[in-house]
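Working notes for the structure below.
The values are calculated or read from the model by the stated rules, or taken from the named source; none is laboratory data. What you see is a predicted model; the values in this text were computed from it and never measured. Here Cβ is always computed from backbone atoms with ideal geometry, including for glycine, and neighbour counts include all displayed protein chains. Heads up: the accessible areas ignore ligands, DNA and RNA and are worked out on the full protein's heavy atoms, side chains in. Shrake-Rupley method; radii C 1.70, N 1.55, O 1.52, S 1.80 Å.
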Amino acid sequence: MKKILNVVCLLFILIFALTSCEYSPSEIPLTEIQEPKEPPSISINLTPEVDTIKLSTTVYVTYSVNTGSHAIYDLKFFMDDVDMGNPFTGIQGSYSTTIQASKLTDGLHILKIRTNTATNSGSIADKVGAEQYVYELKWPVLVNKEAKNQVKFTSLQVVPEGIKLSWYKYDYADFQRYTVGRSSLILGYSKELVNTTDPYLTTFVDNTYIEGDYVTYSLMAYMDGFAMDSRSFVEEIKNPKVTVKPDRTVDVIWNPSKYPRNVKSCFLKTSVPTFGYPEEHEVSDLAQTTIPFSTKIGFGGNYGMQLRYIPKGYDGYYTYDVKGGLTNFALGDSIPSFERGFLIYGTNSLLLYNNGKFSKYNYSTGQISNSFSITPIEKVYQRFMLSSISGSLFGYFQNQEFFVRRSNDWSLLNKMDIGSMDRFNPNWNVISISDDGKVAAIDIYNNLQIYDFKTGAKISGPKFESPLVPMQANFSPDGKTLSIRLTNYMEQKSLLVAYSFGPNGLDKVNELALSNSSYEATFSYSPVDGKIIYLNYGGMYNYSVDIINPQTFVVENSVKIPDFFIPVAYDYENSRVVAQYQFFPTQEYSYLLDVKTGKQSKIVQFVGQEQFLFSNGTVYSGNGRSIKIDDYILQ
Amino acid sequence: MKKILLILFILNSVLAEGQETISKLRFGITGGFGTFSQSDLKSLNQTVMDQLPFDAKIVDEFEPNFNFGGYTQYQLFNRFWLGPEYRYYYTGSRLGQKDYSGVYSFDQYLHSHTVGLKMGYVVAEIDRFSFQFQVNSGVGFTKWKMDSKLKIGEESENQIDNLKGFSWYALPSFAVNYKIFDNLSLVGSAGYSIDLIKKCKYEANSDIKIVKNPDWSGLRLTLGLEYEL
């Protein structure tokens, strides 16, 4: 029995051992697959297409990649190794993200784009996406939030080809385009010069510019917003050379344009003073650089010779403003120009006022004395600068006071508030000064007031009642007589009345009735012989010169001035008067009349509206020229 | 009609020989070789392969395999033996792929413990040989493990699913005994096992309905020793 049990136990142990057997799988054979080595090249396109992303504001960065048959498993953008989140996925192979400059500090950052693609090796790892090619692109990102404010022209240079414009390079990612335009004073000559989407195009040569044209170059940079700048530019036209010939015509020589390819013609035109005759020429032959002008110029005003280069294609008026190309010229010998001038008899000098300064010019020696500055009333017609008959004293308003100074040393005789000032405006019609320091003034209310500037006393003068109105008061050279021109506006007649200064005031000593109201008439005492020179106005540009004896008030001589000629200068030494034609169309000559003989001579045309001084046969004009009148007698 | 005739033949034999029965007990241990249908699981392998993103190959697929067992039988009648039998089967399959980048495998491990009632009828005895017709039927308890592994570089993933199930089987066979000694015989048999009912479920979650079940049906060839008391 025991033997049986042993056998049974043995059997069970055997069975138990055998049931621990289990399926043992075979080895999986190795499949020969070529392990990928170098990743294949892929096509990458970055937008914006710049080497370095420069940010001034928010930018939308697009990364397009063509991996061929290699599937893209993953694509991520990192800014300074910080994951920027899931990119936007566009059309196949296009990914984009937004970089906001406001969230980055100014300076350099790194944008990294990592692309994972399939290897296509066919391996298990490839098929489950565990085997990938990794492409990393690092893109420098330069943040400059102030860049937009730096978009300006950096230079405008004149180069042989034209005007070279340079501007700040805005190669930031939000750049869209530059436009550069030129606006010109020449009608139709404004144009757009540049319109580009290339941020690296930062220079341009404007080869259509011509000299003299006032242009404004404007730069517009379009980005996320826009920035603009503008620069004005003008290149002066070289002034032409003008030669005044003895026959008073002129020859003109000029330089050709630096940019002949842009020039249609050269246009020369004289600018003339009042009553002058202009002349113009257009020269289409660009090789021609000289031309004679046939118009004879006059005396007394400045002429200008304006050269303009006319651009090709321009068919408007040739009157546009240009820089340069203007040469002033005038007839006569040069002297200092003046706004107001006075003869100082006995010194061969002129007392001249110009631009806030009095000076003395000795016309014999050409010397100019030291000047004396004043602050005159701003409005020229209110200045009442005047001198005494001999020129030894002169007066002017300053700070509501009337100053009288000696012309020899600028010393002050006196200054007085002579009244009749409406705030800062003097309400005077006429003022005169005597060589002994008396001042007579008639205000706009027809009140005559007389002051002795030596003593500072006010002298009681005559009163006039309607219809008599005092128009002008002048002292005799010795200062003892005051002659007053009165107008009877009821009878349309005038009176010349003389008063002498006596111990009891002014005494009427003479009276001369004149035939017309003479609103335009003037009179003066001759510093040479003391006679009264009465420029009698008969209306309609009709003047005569009457010589009146100051003692008897008898008209000793009277000379009629031709119609429409106005007396503008009187030579007291030689009793000659220059009369200027002041009617349009004007005449090409003036008249010189000898008051004593009545002889009339046609002389050079007096032009302009400058003041003339006439002494000893020489006429001095405010435009800074003088002529000996006998040299310019025409017939 | 043939089945009816066979049953009548067996019953007639039992009844005819029953009068001469001398009750005996015998024990046997056998080892065998069997094939396994496992058609569902082969289909499962194909499904797995179809779903893989890479090519995979069948390495093993429920190849014919050894099995072991033991039994005891009591001689109810002169030619009729009856008793329990236990057998242990195991098999498995593997599909996978291996290359420079890693290896993938999907393994199925199956083993089954069957307990059945083994009936044998001695058809003839000639000299030291006896010839038997046997029918074995019972329950098979199956353990089924699916093990998928993916290893790429140093990284690996592994998923194991454990299932269990049972099946009713029937194994008709023909056996030959060769009496080596008086009490010890060498036994050989050949038969075909048929799984009649198959059910399986996940061990972790029995609610999941399993539509592909192990099928142990297949040829059974055994060789063993039998000791007779």
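Some points to look at:
- Per the conditions (1) closer than 16 Å to A:Y591 by Cα; (2) of a type outside the set (S, T, Y); (3) assigned to a strand (DSSP E or B), the sole criterion not satisfied by A:N557 is (1).
- Scanning region A:570-586 for residues that are under 36 Å from the mean Cα position of the chain (by Cα) and surrounded by 22 or more Cβ atoms within 10 Å (Cβ to Cβ) yields A:Q580, A:Y581.
- Residues satisfying the stated conditions in region B:51-104, i.e. aliphatic (A, V, I, L, M), at the interface with another protein chain (Cβ under 7 Å from one of its Cβ atoms) and open to solvent by less than 10 Å² (accessible area, probe 1.4 Å): none
- A count restricted to region A:149-189 and to residues that are open to solvent by less than 20 Å² (accessible area, probe 1.4 Å), of a type in the set (D, E, K, R) and assigned to a strand (DSSP E or B) stands at 1.
- Selection status of B:L150, more than 26 Å from B:P84 (Cα to Cα) and among the hydrophobic types (A, V, I, L, M, F, W, C): yes
- Region B:125-150: number of residues that are within 14 Å of chain A (Cβ to nearest Cβ) and open to solvent by less than 100 Å² (accessible area, probe 1.4 Å): 10
- The requirement of being open to solvent by 20 Å² or more (accessible area, probe 1.4 Å), part of a strand (DSSP E or B) and of a type in the set (G, A, S) is not satisfied by A:S494.
- Taken over region A:596-635, the criterion of being among the aliphatic types (A, V, I, L, M), closer than 19 Å to A:F329 by Cα and either in contact with a helix residue (DSSP H, G or I) (Cβ under 8 Å, 6 or more places away or on another chain) or open to solvent by 60 Å² or more (accessible area, probe 1.4 Å) (or both) is satisfied by A:V604, A:V619.
- Members of region B:210-229 found to be open to solvent by less than 60 Å² (accessible area, probe 1.4 Å), within 14 Å of chain A (Cβ to nearest Cβ) and either of a type in the set (D, E) or assigned to a strand (DSSP E or B) (or both), listed by number: B:T222, B:G224, B:E226, B:E228
- Candidate set from region A:352-375 (those that are open to solvent by less than 30 Å² (accessible area, probe 1.4 Å) and not in a strand (DSSP E or B)); member that is farthest from A:V439 (Cα to Cα): A:G356
- Residue selected from region A:88-103 under the condition out of contact with any Lys or Arg (no Cβ under 7 Å at 6 or more places or on another chain) and open to solvent by less than 30 Å² (accessible area, probe 1.4 Å), by the criterion farthest from B:L150 (Cα to Cα): A:I99
- Test: residue in region A:120-135 that is more than 14 Å from chain B (Cβ to nearest Cβ) and either under 44 Å from the mean Cα position of the chain (by Cα) or surrounded by fewer than 18 Cβ atoms within 10 Å (Cβ to Cβ) (or both): yes
- Of the residues making up region A:463-482, those that are of a type outside the set (V, I, T) and open to solvent by 20 Å² or more (accessible area, probe 1.4 Å) are A:K463, A:F464, A:E465, A:S466, A:P467, A:L468, A:M471, A:Q472, A:N474, A:P477, A:D478, A:K480.
- Filtered by the rule that a residue be open to solvent by less than 20 Å² (accessible area, probe 1.4 Å) and either in contact with an Asp or Glu (Cβ under 8 Å, 6 or more places away or on another chain) or of a type in the set (S, T, Y) (or both), region A:66-87 gives A:T67, A:F77.
- Looking only at residues in region B:105-123 that are open to solvent by less than 30 Å² (accessible area, probe 1.4 Å) and closer than 30 Å to B:F77 by Cβ, the one that is nearest to the other protein chains (Cβ to nearest Cβ) is B:T114.
- Check on A:G298, surrounded by 22 or more Cβ atoms within 10 Å (Cβ to Cβ), of a type outside the set (S, T, Y) and more than 24 Å from the chain's Cα centre (by Cα): yes
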